[in-house]
Amino acid sequence: MKVLFIGGTGIISSACSELAVSRGIDLYHLNRGKSASLRPVSGVKNIQADIRNYAETEQALGDHKFDVVVNWIGFTPEQIQADIQMFSSRTDQYVFISSASIYETPPSSLPITEDTALSNPYWEYSRIKIACEDLLRKSYEDLGFPYTIVRPSHTYDKTLIPLQGGITALMRLKQEHQVVVHGDGSSIWTLTHHKDFAIGLVGLLGKKEAINEAYHITGDEWLSWDNIFHLMGAAMGVKPNMVHIPSDIIATYDPVFGEGLLGDKTHSMIFDNSKIKALVPDFSAEIPFEQGAREIVAWYEADAARQKIDQHLNGLFDKMIQDYSAVGR
């Protein structure tokens, strides 16, 4: 198979690139070539162009045609419309990376399936992804454009800390300072290691049965947020000193910070992966977060330069904790 990844060196896409190459796929990356990647992938052929510049990309692609095109960096209907125009005669399958945050929030029932309603009134990012999906479905109906939709949930690698606040939260844990946990810490969350995700994604490439279909690809391990903090703490040999604060209160301190909570992480989210497993039998999420937490901690502790605290965010955490404690929770 000849496959093009638009992007290809990100947290999720790098693992997919490595697996695709290992399986003998003739893989191309299309990107600007201006960012130094933490995740270089050997065995990939590069096409240098800015996908947002239609004329430049058309020229760079030349007479290339691909069995599959995967867009890892499509975020708006305008961008997807440009892709439809550019790749309708260049590929037999166009894979759009959407988001599991588009599902009904809060969910009326669990587990989430691909038939769950799409509605997120809290997060604009999710609503725009829904609009992109709607455009692809219409393009299939009107033009026969051969799309497949993939919806990752919270997918991580050794560089991505799944705690609200990232490295700042991790360093507070390490230093045994109080850490903010949204809600009462009991809501259930799903984390997916990027190498597990890659098995599902690469398995969809070239599958005719996947045309005009959507799939989420997530882990099967269900963890409360308290569990997640405890596993991160255990990887550093410390016990978390957690302060539970309601998500809507956290959101008042920083609307952007709060948007991701109210629109995604506040509510329990577990997924039924039957659909992807039926089409890709070798997909199985086997890497537990206990192992993932150790990988994350080892990567950050290997280089002090990676442990830079955001002082503004650190102060915001202190203020949240102080204010919430003062009202007599």
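List every residue pair whose Cβ atoms lie under 7 Å apart, where the two residues are 6 or more positions apart in sequence or sit on different chains, the first residue falls within segment 176-194 and is farther than 20 Å from residue 221 by Cβ and assigned by TED's automatic domain parsing to the domain that holds residue 254, and the second residue, located anywhere, is polar (S, T, N, Q) and surrounded by 22 or more Cβ atoms within 10 Å (Cβ to Cβ).
none
Check residue 319 against each of (1) closer than 29 Å to residue 106 by Cβ; (2) within 22 Å of the chain's Cα centre (by Cα); (3) among the basic types (Lys, Arg) and name the one condition it does not meet.
It fails just one condition, (2).
Can residue 248 be described as in contact (Cβ under 8 Å) with a residue 60 or more places away in the chain and charged (D, E, K, R)? Explain how you work it out, then say what you get.
Numbers: in contact (Cβ under 8 Å) with a residue 60 or more places away in the chain: no; charged (D, E, K, R): yes.
Taking the combined requirement at face value, the residue does not satisfy it.
What pairs come up if the first residue lies in segment 197-212 and is surrounded by 15 or more Cβ atoms within 10 Å (Cβ to Cβ), the second is among the small types (Gly, Ala, Ser), and their beta carbons are under 7 Å apart, counting only those six or more places apart or on different chains?
As it stands, the answer is 197/15; 198/15; 202/20; 204/210, since those pairs meet every condition given.
Do we have any residue at all in segment 86-103 that's among the basic types (Lys, Arg) and part of a helix (DSSP H, G or I)?
no
Kindly establish whether residue 62 is surrounded by 14 or more Cβ atoms within 10 Å (Cβ to Cβ) and on the phi > 0 side of the Ramachandran plot. Lay out the reasoning, then the answer.
Working: surrounded by 14 or more Cβ atoms within 10 Å (Cβ to Cβ): no; on the phi > 0 side of the Ramachandran plot: yes.
Here the answer is no, as residue 62 does not meet what is asked.
Answer yes or no: is there a residue in segment 18-30 that is part of a strand (DSSP E or B), farther than 30 Å from residue 124 by Cβ and touching an Asp or Glu at 6+ places or on another chain (Cβ under 8 Å).
no
The values are calculated or read from the model by the stated rules, or taken from the named source; none is laboratory data. All values reported here derive from a predicted model rather than from experimental measurement. Backbone-built Cβ (ideal geometry, glycine too); neighbour counts: all protein chains shown.
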